[in-house]
Amino acid sequence: MHDRSETEHHPLCTIELIATGHATRCPGAACAFWDRGCALARVEVVLDGRPEVARILLDLRHELEAGRTVELEEARSALAHILNDEEGIEAPL
């Protein structure tokens, strides 16, 4: 008899695929973005054309998985910078 975890299908990681063009299998509940399923798969359509945003999220996931503390304001700032660049919005002085 097989252990369910051995036979359960895991899709490719959404943010790895968008950010880098290749991906490993989804780590499931071990992922920082797991909330009763992949939280980022729910916004995959939005992320699909934004590999820079996916890259920031992937870097954030790696930091969290490594046990590092990530300052919320630092993460927000990096994400806002990318989104502002995409929209042609200049940051306030």
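Here is how the numbers come out for the structure above:
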{"quantity": "Criterion: of a type in the set (Lys, Arg), modelled with pLDDT of 85 or more and surrounded by 12 or more Cβ atoms within 10 Å (Cβ to Cβ) - qualifying residue of ARG25, ARG61", "calculated": "ARG61"}
{"quantity": "Filter pass, ARG42 being at pLDDT 90 or above, surrounded by 11 or more Cβ atoms within 10 Å (Cβ to Cβ), out of contact with any strand residue (DSSP E or B) (no Cβ under 6 Å at 6 or more places or on another chain) and at negative phi", "calculated": "no"}
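The rows are residues; the columns are (1) under 15 Å from ILE18 (Cβ atoms); (2) surrounded by 10 or more Cβ atoms within 10 Å (Cβ to Cβ); (3) at pLDDT below 80.
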{"residue": "ALA32", "(1), (2), (3)": "no, yes, no"}
{"residue": "GLU65", "(1), (2), (3)": "no, yes, no"}
{"residue": "VAL70", "(1), (2), (3)": "no, yes, yes"}
{"residue": "LEU79", "(1), (2), (3)": "yes, yes, yes"}
{"residue": "ILE82", "(1), (2), (3)": "yes, yes, yes"}
{"residue": "GLU86", "(1), (2), (3)": "yes, yes, yes"}
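The values are calculated or read from the model by the stated rules, or taken from the named source; none is laboratory data. Being a predicted model, the structure only gives us computed values, none of them experimental. Every residue, glycine among them, receives a Cβ derived from its backbone with ideal geometry; neighbour counts consider all protein chains shown.
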